[in-house]
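Please read the structure below before turning to the comments.
The values are calculated or read from the model by the stated rules, or taken from the named source; none is laboratory data. None of the values given here were measured: they were computed from a predicted structure. FYI the Cβ positions are ideal-geometry reconstructions off the backbone, even for glycines, and counts take in every protein chain you see. Note: areas computed on protein heavy atoms with side chains; ligands, DNA, RNA excluded. Shrake-Rupley method; radii C 1.70, N 1.55, O 1.52, S 1.80 Å.
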Amino acid sequence: MSGVERIAAAFEAARSDGRGAALMPYLMSAYPDLDTSREIAQAYVDGGADLIELGIPFSDPLADGSVIHAAGVAALNAGAHVYESLQVARTVSDQVPVVVMCYANLVLARGLERFADMLVEVGASGLIVPDLPLEEAPAALAACDQRGLALVPLVAPATPDERLHQIGARARGFLYTVSVTGTTGERAVNDGALPGVLARARAHTDVPVAVGFGISTPEQAAAAMQAGADGVIIGSRLVRAVGEVAPADAPAQARALVEAFSGALVVPGRDS
Amino acid sequence: MSTTLPHRFGPYGGQYVPELLMPALTELEAAWIEASEDAAFQARLTSLLNDYVGRPSPLYLAERLSEVAGHPVYLKREDLNHTGAHKINNALGQALLAKRMGKTRIIAETGAGQHGVASATACALLDLECVVYMGTEDIRRQRPNVQRMELLGATVVGVDAGARTLKEAVSAAIRDWVTNVADTHYIIGSAVGPAPYPVIVRELQRIIGEEARAQVLEKAGRLPERVIACVGGGSNSIGIFIPFVDDADVQLIGVEAAGEGVETGRHGAPLTVAGRAGVLHGSYSAIMQDEDGQILEAHSISAGLDYPGSGPEHAWLRDQGRASYHAITDQQALDAFALTARLEGIIPALESSHAIAWTLANPDSAIDVVCLSGRGDKDLAEVLDKLGIAGPAS
């Protein structure tokens with residue numbers, strides 16, 4: 001099965017498993033250290049993750065807020081490298097699809113083709129490059145398509161219809177809808193505009209629509225599901241949680257949170 | 001009438017930014033094209049540049065410096081602009097544009113503080129809210145400019161990430177813009193960033209070269225052999241270079257920061273070193289990076305050159321062989337700073353001192369035009385400290 005097919009199957013499996021949306025927790029690779037991040041990846045799976053987004057530490061993450069920025073810097077200061085960070089995918093990639101989140105310069109430095117080959121080697125199913133908008137993406141899309149990898153694009157609330165249409169047509173795996181205008185990070189409330197944003201995204205693509213940025217409680221995850229999301233991405237809340245405890249306790253902490261988010265996505269009245 | 005601006009210079013440039021910013025970049029490009037063709041906008045900008053900034057800035061034959069250099073050295077006196085540097089040319093133009101676009105809030109990054117002061121000044125004049133991001137290390141070494149910005153009504157936000165210098169300030173400003181893009185315009189201070197910024201900044205700074213070219217023809221009766229300017233991101237340099245680009249006999253010399261020496265790795269000279277190009281702050285250009293593509297910290301005594309990236313058009317001018325790039329160490333810049341003060345009664349910015357140092361170190365020329373991009377009052381504390389440690393400069 002190709003990466004694209006694995007991602008599609010994971011969204012479908014979540015539905016047939018009684019959940020209204022797939023759960024995709026974000027993991028900062030090599031944070032707090034390589035071994036612990038492998039254990040956290042497994043804890044995510046054990047806690048009910050349907051897919052995992054694996055972040056590769058980068059020195060200058062422009063789309064990220066303070067929590068993920070700091071975690072990436074901490075990982076780099078502890079000696080994280082791209083190759084080893086990608087290997088963390090192997091821990092879980094035979095259990096759930098892993099979508100790698102990586103900034104453009106790390107991809108370009110290695111070369112698109114070589115980087116895509118590495119994704120295949122570690123069993124990854126897809127790639128998100130948050131600073132590679134439509135205009136800059138054709139070569140990366142071709143490299144991913146050749147290997148059955150899903151290049152997942154992002155759209156924002158302010159993305160105009162025409163542009164949304166072009167992005168939606170090129171989306172592979174799923175369409176990553178940014179729920180709020182801003183960087184990644186926890187926010188108190190979901191934007192009331194979310195149902196509209198999701199409906200607009202869905203109208204322009206054939207792939208599932210996942211929502212991320214700012215979702216930090218199970219209640220918000222449930223609200224996103226009810227607003228029409230096929231998938232819910234949880235990032236900063238989890239990264240913060242694993243940083244707040246000793247590394248030895250981080251996997252259990254992560255698992256408990258993922259279980260809570262997963263439980264919030266069970267469709268009411270449809271216990272599985 | 002053009003509807004778009006070039007987004008690439010050869011392979012360099014582009015728009016490597018989060019999707020959230022793409023509508024804002026499209027809006028900015030359209031607004032810039034409209035403003036460029038609007039006579040009233042241009043008249044207002046010209047009027048402010050003349051009567052508020054004090055343009056045209058003089059081209060001054062520095063005779064005593066010329067004696068030491070061994071050839072005539074003309075200084076383009078951007079240090080005499082209001083706020084003391086070339087940065088005001090760009091800040092004022094972009095602030096006017098923001099006002100025209102209906103934006104109420106301005107953000108800016110600053111290294112040496114000159115762009116922050118220029119932005120704060122333009123915002124005071126045009127009644128715009130102004131937030132300036134500045135690395136806490138730069139806040140330490142450029143204290144007078146912090147005080148000036150605050151006096152002008154701007155909020156200075158210290159950035160405590162990484163090396164606490166210009167790179168982190170740009171990143172923080174971009175994150176703010178991602179969050180507040182609806183009412184906020186980001187006045188980027190150099191010819192860097194995603195398209196259309198490198199073109200906008202170049203067009204607002206090309207007045208330096210247009211004036212200098214006419215002035216040198218009038219004063220010397222000929223074009224210069226070399227035009228020399230310092231390069232951090234590269235705004236004063238692209239501004240003075242561009243009007244000379246078609247003059248094939250005029251050499252264009254960009255001077256980067258060698259810091260403690262290019263060979264030590266502690267420098268800010270990505271164009272000179274010419275390693276693998278990469279993406280920093282939204283564009284593909286010459287950058288300092290490790291094998292993985294992690295961005296490296298730059299180092300320079302001069303906060304304005306302490307940057308691991310460079311404007312994409314410079315990388316293209318270099319590859320085409322139209323401009324060449326060289327690096328000057330912290331110590332050479334300090335020596336040129338002290339020498340210019342004593343010989344000419346001019347205290348140049350440490351950034352500009354790199355360009356002066358290069359003309360002094362490379363005497364074989366008929367006539368040089370050097371961009372004195374800013375004044376050095378802001379650098380006094382840092383320089384006196386360093387000169388004290390290094391012993392009296394000769």
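Using a cutoff of 8 angstrom between alpha carbon atoms and counting only pairs six or more residues apart, the relative contact order for chain B works out to 20 percent. The Kirkwood radius of the protein assembly as shown, taken over pairs of alpha-carbon atoms, gives through the Stokes-Einstein law at 37 °C and 0.692 mPa s a diffusion coefficient of 128 µm² s⁻¹.
How high is the FRET efficiency between residue B:52 and residue B:147 when r is their beta carbon distance and R₀ equals 22 Å, given to the nearest 0.05?
Plugging the Cβ-Cβ distance into 1/(1 + (r/R0)^6) gives 0.55.
Most tightly packed first, judged by the mean number of other beta-carbon atoms within 10 Å of their residues, the peptides A:30-38, A:52-60 read A:52-60, A:30-38. With all protein chains kept in place, the per residue accessible area of region B:303-394 amounts to 34 square angstrom at a probe of 1.4 angstrom. The H on the amide N of residue A:155, modeled in the peptide plane, is under 5 Å from the matching H of A:176, A:177, A:178, each at least 5 residues off or on a different chain.
Solvent exposure of region A:3-264, expressed per residue, is 33 Å² of accessible area, with all protein chains present and a 1.4 angstrom probe. When chain B is described by a simple charge dipole with +1 on each Lys and Arg Cβ and -1 on each Asp and Glu Cβ, the residue from B:363, B:279, B:90 located farthest towards its positive end is B:90. Mean per-residue shielding of peptide B:192-198 is 1, counting Cβ atoms of other chains within 10 Å of each Cβ. Under the simplified labelling scheme, the residue A:145-residue B:4 pair shows an inter-label distance of 1.9 nm, with each label point 7 Å from Cα along Cα→Cβ.
Taking the chain by itself as reference, region A:40-85 contains these residues with an accessible-area loss of 40 Å² or more in the full protein complex (1.4 Å probe, heavy atoms): A:59, A:60, A:62, A:69. Probe radius 1.4 Å, ligands and nucleic acids ignored: give me the carbon and sulfur share of the accessible area of chain B as a rounded percent. Of all accessible area on chain B, carbon and sulfur atoms account for 52 percent. Interface burial in region A:121-142, defined as at least 30 Å² less accessible area with all protein chains than with the chain alone at a 1.4 Å probe, covers A:131, A:133, A:136. Considering only B:116, B:221, B:13, the Gaussian network model of chain B with Cα springs below 10 Å gives its largest mean-square fluctuation to B:221.
Remark: accessible area buried at the B-A interface is about 2600 Å², both chains counted, probe radius 1.4 Å.
Antiparallel as a % of all DSSP beta bridges within the protein assembly as shown, to the nearest 5? Don't skip to the end; give the middle numbers.
Numbers: 14 of 73 bridges.
Beta bridges within the protein assembly as shown, antiparallel portion: roughly 20 percent.
Mind checking the mean number of beta-carbon atoms from other chains within 10 Å of the Cβ atoms in A:149-157? If you can, show how the numbers build up before the last one.
On the way: counts 0, 0, 0, 0, 1, 3, 3, 8, 2.
Shielding by partners across A:149-157 averages 2.
Hydrophobic, long helices, defined as DSSP H runs whose alpha-carbon span along the helix axis is 27 Å or greater and whose mean Kyte-Doolittle value is at least -1.0, occur in chain B at B:197-220.
Taking amide hydrogens as placed 1.01 Å from N in the peptide plane, the amide H of residue A:22 sits under 5 Å from those of A:231, A:232, each at least 5 positions away in sequence or on another chain. Every pair of different Cα atoms in region B:267-312 enters the Kirkwood calculation, which places the hydrodynamic radius at 10.4 Å.
This model, with +1 at the C-beta of Lys and Arg and -1 at the C-beta of Asp and Glu, gives the protein assembly as shown a dipole about its Cα centre of some 780 debye. Sorted on the mean count of surrounding Cβ atoms within 10 Å across their residues, most packed first, peptides A:88-96, A:61-69 read A:61-69, A:88-96. Ignoring ligands, DNA and RNA, please state the percent of accessible area on chain A from carbon and sulfur, probe 1.4 Å. Roughly 53 percent, rounded to a whole number. Per residue of A:95-107, other chain Cβ atoms within 10 Å of the residue Cβ number 3 on average.
Per residue, region B:34-161 exposes an accessible area of 37 Å² to a 1.4 Å probe, with every protein chain left in place. Separation of region A:26-100 from region A:132-152 is 21 Å, based on Cα centroids. Model label sites at residue B:319 and residue A:248, defined 7 Å from Cα along the beta-carbon direction, differ in position by 5.4 nm. Between residue A:135 and residue A:113, the contour length at 0.36 nm per residue exceeds the Cα-Cα span by 6.1 nm.
With the simple spin-label model, which puts each label point 7 Å out from Cα in the Cβ direction, the residue A:161 to residue B:42 separation comes to 3.6 nm. Add -39500 (n - 2.57) for each DSSP H run of 4 or more in the protein assembly as shown, then divide by its residues: what number comes out at 222 nm, to the nearest 500 deg cm²/dmol? So the calculated ellipticity at 222 nm is -13500 deg cm²/dmol. Label point of residue B:183 set 7 angstrom out along Cα-Cβ; within region B:92-108, amide nitrogens under 17 Å from it belong to B:98-108.
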